[in-house]
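Here the structure is laid out as structure tokens; the discussion comes afterwards.
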Amino acid sequence: MTSAPRLFDSQGNEIHLGDIIGKGGEGSVYNIDGDENLVAKLYHQRPLPAEMLAKLHAMIGLRTPELDSISAWPRSLVHDPRSRDVLGIIMPRVHDALQLHELYGTANRRRSFPEARWHHLLLAARNIAAAFETMHSAGIIVGDVNQGNMLVDNNMCVRFIDCDSFQFESGGRVFACPVGTPHFTPPELQSQKLRNVQRTNDHDAFGLATVIFHLLFVGRHPFAGRYLGEGELSIETAIAERRFAFSRHGDDTQVEPPPASLLLNELPAPIAQMFELAFRNNGDQTTRPSPKEWVAQLETLIKQRSICSYDRLHVYYNQLANCPWCRIEDAGGPAFFFAESGLSMVSVGRLEALDRKIQQLQIPEFVDLSPGQLKLPSVLKPKKLAKSPPATMCDVAASAMVAAASLCLLGIKWLPAIGIGAITSLGAGAYLIFSKQGRDQRERGAILLEKLEQNQAQLAKGARLIMAKHQSRKRQFASSVEDLKKAYELYQSEESQLQDVLAIQRAAQLNRYLASQLIQDNITRIPGLTSSILSMLESYGVESALDVDNLKLMGVPMLSPELALELLSWRESVTASFKFKPEHGVSMEDAKLAGEAALRRFKIAQARKVLMGGTQLEALSEVGKAEVARDLKRFSDVADKGRQVANQLREFQSGRRFLERELNRHPAVTAAAAVGIPVVGYILRMIFG
């Protein structure tokens, strides 16, 4: 058994490493035996590059009480006792705190911060802005802003970790931040090599605004939305093109926010304008809002909060006429906030309001697409001209072939006529086949005809694909209609549900289990899932196995049918692993309240599901209309090109005389006619002569 290596800190104190508690691309983090408040990070690379060594030494010198209060700032270096090489750093251990996404993600928050309300997220956002202000005041730029390098505790206090990547200046030397997270990187730095970029406070301001947006909009990304233009739009591309999904200038961004989202106009005007400045400015003259500005505005908003009279879990900006969280739930959106006990905190009046909404639901029509709308352009017959076109040598040759046919018929009675006809026919045919004029006439017509046939083949294939896609969407819509009807039947069947409370308890426990199985924790079990698509899923409210269903997945941009099937398959496997435990399924308090409270809780859950189904059907109907319109436009554009070619072919054919047009279609046709005329004449003479 080998003993752990002896290590020393910068003061010469011996360090004994404990268990490993984390491992990343740069290094591993260990407990330190005998001091539960410190950890050691040992880098994988040895020896460390000179630039990194200089940066670590400078960081130790920059340490202040202010930095200690908002970060796990390095306190000392870790040395090899023999070589004195620097192996890593010693830094504070952050106790009882979780990564920031555990707070703003709905499914994560249900698990990790079940009692957090919207004002708690506001407080966390305020504290993050204050932490950025402390960093900037010390001349430090975070650089790689992301949800993973900030930890938050139950008091909404925030501390930075992984500070060794931050950028700062020391002794006239700038130590850069060589890394970045694309979803938090400003437009002007997208696709750049960050190792060569010197970051600014304004760059940090973009990442800070993105983090604050995540918190205020409970997990939504500011650039994840439905693109109204052609094709798909990734979050990175949307950032680079400044397409802020929640902007008040949607006509410019051509992106609309995901359904069931808080809206920008449901925040105070100064904060809404700050988001516009942070995400839409040109990065040249207008600076983004500073951390200090965010602190001031968020502190004001925290004081300007109201509690919903319908649902005590809902906290919102007090200048709004109506609760935005009720609006979201009324439209079939999720419940973003919940009580730890799981019991409903919703008033009877709220249930009545939901019921009125349900009674007003109407199933939308799905757009129709008939085969007649996918008509192919046809070859047009030549026009009859008022005046015949001028005769050409090819026309003379074609007329000569007709005259040769007449001579060969005379050969029945007069043999020399067949010889004269044969010479005339073969000579005229040879002229049509081999002369430049004959070839040009033939080839031009053949080229136009080939173009038209290619266009028709492309359109025929396109029409089949368009119709197949439409029928698939139509089947999905019909399936969703059936799902909605079943959900409505369950909503109405009060007695049967109450007769079997255990079934309700099992369903509730299963839902809690599914909600605890987060997609981000199972990314390796879902083939084809990438971090970019994961962010898009989260922005559309798909975070856990509970959120994975056909209705929700069909509304997520960039999600292929294959990946949707993988997600549904993963949910099935998670569901199959669920084991009902009655002793844990419901508390004694729940059992005592199983009458009216259980019924109300069940009805509210079903009401939201019905309303969400109605909203999703509306979305599917609108998507169907948009897809059909887009497909028909593309089909029409290709068909227009075909009609242009058909008209060109018609005009060309109309400019040719009938005999030349028919006899000079193809060399084989011309040769067959030239040889066939005397042969037929000779056969007729043999029969009748």
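The values are calculated or read from the model by the stated rules, or taken from the named source; none is laboratory data. Keep in mind it's a predicted model, so treat the numbers as computed, not measured. All Cβ positions, even for glycine, are placed from backbone atoms using ideal geometry, and neighbour counts span all protein chains on display.
Key figures for this structure:
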read-out	value
Subset of the range 230-251 [assigned to a helix (DSSP H, G or I), at pLDDT 90 or above and out of contact with any strand residue (DSSP E or B) (no Cβ under 7 Å at 6 or more places or on another chain)]	235, 236, 237, 239, 240
Residue ID - surrounded by the most Cβ atoms within 10 Å (Cβ to Cβ), chosen from residues in the range 147-179 that are farther than 25 Å from residue 54 by Cα and among the β-branched types (Val, Ile, Thr)	152
Test result for residue 558, in contact (Cβ under 8 Å) with a residue 40 or more places away in the chain, under 27 Å from residue 237 (Cα atoms) and buried (at least 20 other Cβ atoms within 10 Å of the Cβ)	no
Options 238, 209; residue that is more than 16 Å from the chain's Cα centre (by Cα) and closer than 26 Å to residue 541 by Cα	209
Residue check, residue 61 under 30 Å from residue 212 (Cβ atoms) and at pLDDT below 95	no
Hits in the range 144-167 - residues which are over 16 Å from residue 72 (Cα atoms) and not polar (S, T, N, Q)	156
Selection from the range 624-675 of residues that are under 25 Å from the mean Cα position of the chain (by Cα), crowded, with 17+ Cβ neighbours inside 10 Å and either over 20 Å from residue 458 (Cβ atoms) or at pLDDT below 85 (or both)	624
Exclusive hit being in contact (Cβ under 8 Å) with a residue 40 or more places away in the chain and surrounded by fewer than 16 Cβ atoms within 10 Å (Cβ to Cβ), set 436, 413, 451, 461	413
Complete set of residues in the range 296-350 that are assigned to a helix (DSSP H, G or I) and at pLDDT below 80	330, 348, 349, 350
Any hit, the range 123-135, residues being part of a loop (DSSP other than H, G, I, E, B) and either assigned by the TED database to the domain that holds residue 294 or surrounded by fewer than 23 Cβ atoms within 10 Å (Cβ to Cβ) (or both)	no
Flag for residue 428 being of a type outside the set (S, T, N, Q) and within 22 Å of residue 685 (Cα to Cα)	no
Single match in 396, 481, 402 (criterion: of a type in the set (Val, Ile, Thr), assigned to a helix (DSSP H, G or I) and within 53 Å of the chain's Cα centre (by Cα))	481
Verdict on residue 176 being small (Gly, Ala, Ser) and modelled with pLDDT of 95 or more	no
